[in-house]
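Chemist: Input: one structure, supplied below.
Every number in this text was worked out from the coordinates using simple rules, so none of it is lab data. All figures in this text were calculated on a predicted structure; none of them were measured in a lab. Heads up, the Cβs are rebuilt from the backbone with ideal geometry, glycines too, and the neighbour counts pull from every protein chain shown.
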Amino acid sequence: MKDLLHSESNFNRIYGLNKDGLFIKTRSSIWHGSLLDGESRLSPSTHLMHQPSDHPLPWASWQSPNTPNLEGWTALTYYSALYNKLIFGHVVLCNSYRNPALLAKMTATLSFLTGGRFVLGIGAGWKEEEYRAYGYEYPKPSIRIAQLEEGVQIIKRMWREDRVTFHGKYFHVEDVSCDPKPDPVPPIMIGGGGEKLTMKVAARYADWWNCPNLTVDQYRHKLEVLRGHCNAVGRSYEAIRKVWLGAIAIAKTEREARKIASGNPFVTKEPRFDAYGPTIIGTPAKVVESLERFKAIGVDCFIFRFLDFPRITGTKLFSDHVIAALK
């Protein structure tokens, strides 16, 4: 059980967020010792956050479907009770897997029980074999994204209104209530980089927007697209927190960092995109330089997969040398 709780497929990211203070959102270091060791090294303005994924099967195609893999919502509720200083959320929940009215109630309940320590990360879903294995229909992307848009509307209204009636093309609720209300209302992070549909939904409804595995130039282009959608729907572009997700190989020397990256299957075996190009590789000083380029274009939340996992050398180097420099 210990190996399962700490496995790469379940807890393998640390997230750094630098805006009003500094968040270190952790998904790899929910080791019962090392996470708390890291917490003791952080400044009073630093907060920790844990976010599992929402894949009942391992998301990486090179991993066996029999790889032990915890269900995201159950894992999150367990850890939210175990670690009362952390903020919790997912990267990201699949809108298709839960009725949005029930999800509104689930998230409101968790937010209430944790004293507001929750961020709702949600997306349209993408892993077809997972849908089919678990008996879900897998509609085309435009339908899944339209379903996401309806689902987010229902959730946002149920968190705020006494009674909600909604009749959409895909979802219907009738005079539904959701009490107690979440207080504070959780931010909604919409994940996805589809420029025509997903990012339009993000422009209209997201508090945070997350897009993975992009270089600075690629991310800059996405931000231009997001700004255009915000202008089109009459939403403030500045109101949306910009989140970058990617891998990091940090070591005392450049050579060691490159060895870590070149030996990690999340970089070398990923068939869907160029995983090596966006990966941040180098010494702490080089990492700071890379992250500063993202900050300069408006990113203030970073989601990292530390490639030396399960070792914690990289997370300690990041904690000791990168965090203070970014602040």
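Chemist: Relative contact order for region 175-297: what percent, with Cα pairs under 8 Å and sequence separation of 6 or more?
Modeler: Relative contact order for region 175-297 comes out at 22 percent.
Chemist: Follow-up. What ranking do 206-213, 250-257, 105-112 get when scored by the average of other Cβ atoms within 10 Å per residue, highest first?
Modeler: For the peptides 206-213, 250-257, 105-112, the packing ranking is 206-213, 105-112, 250-257.
Chemist: Please rank V287, V173, V119, fewest neighbouring Cβ atoms within 10 Å first, as an exposure proxy.
Modeler: V173, V119, V287
Chemist: Could you list log10 I(q)/I(0) for region 140-252 at q = 0.12, 0.20 Å⁻¹, which the Debye formula gives when each Cα is one point scatterer?
Modeler: Results for region 140-252 at q = 0.12, 0.20 Å⁻¹ read -0.50, -1.10.
Chemist: Turning to a different aspect of this structure: If we count every other residue with Cβ under 15 angstrom of R98's Cβ, Lys/Arg +1 and Asp/Glu -1, where does the sum land?
Modeler: Taking every other residue near R98 into account, the sum is -3.
Chemist: For a quick check of your reading of the filter: which trypsin sites (Lys or Arg not before Pro) in region 166-250 sit in a DSSP loop and have no more than 13 other Cβ atoms within 10 Å?
Modeler: Answer in residue order: K169, K196.
Chemist: Which value in nm describes the separation of the simple spin-label points at T313 and E174, placed 7 Å from the Cα toward the beta carbon?
Modeler: According to this spin-label approximation, the distance is 6.3 nm.
Chemist: Using a 7 Å offset from the Cα along the Cα-to-Cβ direction at both K259 and K295, what is the distance between the two label points in nm, to one decimal?
Modeler: Going from the K259 label point to the K295 one covers 3.0 nm.
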